[in-house]
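Q: Could you have a look at this structure, given as structure tokens, before my questions?
The values are calculated or read from the model by the stated rules, or taken from the named source; none is laboratory data. The shown structure was predicted, so the numbers you read here are calculated from the model rather than taken from an experiment. Counting neighbours? That spans all protein chains shown, and the Cβs are built from the backbone with ideal geometry, glycine included. For accessibility, only protein heavy atoms count, side chains too; no ligands or nucleic acids. Shrake-Rupley method; radii C 1.70, N 1.55, O 1.52, S 1.80 Å.
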Amino acid sequence: MTPALSHTGRLLVATPLLTDPNFARSVVLILDHDAQGALGVVLNRPTPIEVGSVLDGWADLTGRPAVVFQGGPVALDSALAVAVVPGEPGQAEPLGWRRVHGAIGLVDLEAPPEVLAGELGGLRVFAGYSGWSPGQLENEVAEGAWHLVDAEPGDISCPEPERLWRSVLRRQRGPLAILATYPDDPTLN
């Protein structure tokens, strides 16, 4: 099944119906979406692990909080980094950074951090990622587990990740904005 439209660069916002502990109230940046499936990282799951304790030289380039984020339940022993580089597609891209969508791209953590120091904005480091097999993401969206919305570069480095879910919903139009007020536990109302 070939996706009619690639959602690369967009956000998946968990609906209140999604109760899987890996994704409840999560905001996922889709880094790749094609006929082979989808891959993304959860933007609002900080861990207590400081970037500097696991990756030499990268902590100074990391947005606040300067911790590793849990990108998802897959391959938690691997690191992935995402950052914003201003400029239009077609301009020369910095060595060690590959554009994913708009100003958002992947950072090669094997590159020397000093090469990218003046180029990157909003660097985030993720342990693991989220993945979907062919057609799985489309099915989950159709079943009402996720809302697909446009990403903004600032979503990558939101300084208060615990507020990102509500913030992304609040900026949507219509009924999605109302979901931002959905209580953490509706049974207490």
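Q: So what is the relative contact order of the chain, in percent, for Cα pairs below 8 Å that sit 6 or more residues apart?
A: Here the relative contact order equals 27 percent.
Q: In debye, nearest 20, what is the charge dipole magnitude of the stretch 75-124 about its Cα centre with +1 on Lys and Arg Cβ and -1 on Asp and Glu Cβ, if you could check?
A: The dipole magnitude comes to about 160 debye.
Q: Related question: Using 7 Å Cα-to-Cβ label points, what is the residue 95/residue 133 separation (nm, one decimal)?
A: With each label point 7 Å from Cα toward Cβ, the separation is 4.2 nm.
Q: Identify which of the listed values of Rg and Dmax of the Cα atoms in Å was calculated from the structure shown: (1) 16.4, 53; (2) 16.9, 61; (3) 22.3, 72.
A: Computed from these coordinates, Rg and Dmax of the Cα atoms in Å corresponds to label (1).
Q: Return the carbon/sulfur percentage of the accessible area of the chain, one whole number, probe 1.4 Å, all protein chains in place.
A: 54 percent
Q: Further question: With every protein chain left in place, what is the accessible area per residue of the chain in square angstrom, probe 1.4 Å?
A: Heavy-atom SASA per residue in the chain reads 51 Å².
Q: Still on this structure, I have one more. Taking a 1.4 Å probe, which of 101, 33 shows the most accessible area, and what order do the others take after it?
A: 101, 33
Q: Show that you can apply the helix-only estimate: for the chain, add -39,500 (n - 2.57) for every DSSP H stretch of four or more residues, divide by all residues, and state [θ] at 222 nm to the nearest 500.
A: Rounded to the nearest 500, it is -3500 deg cm²/dmol.
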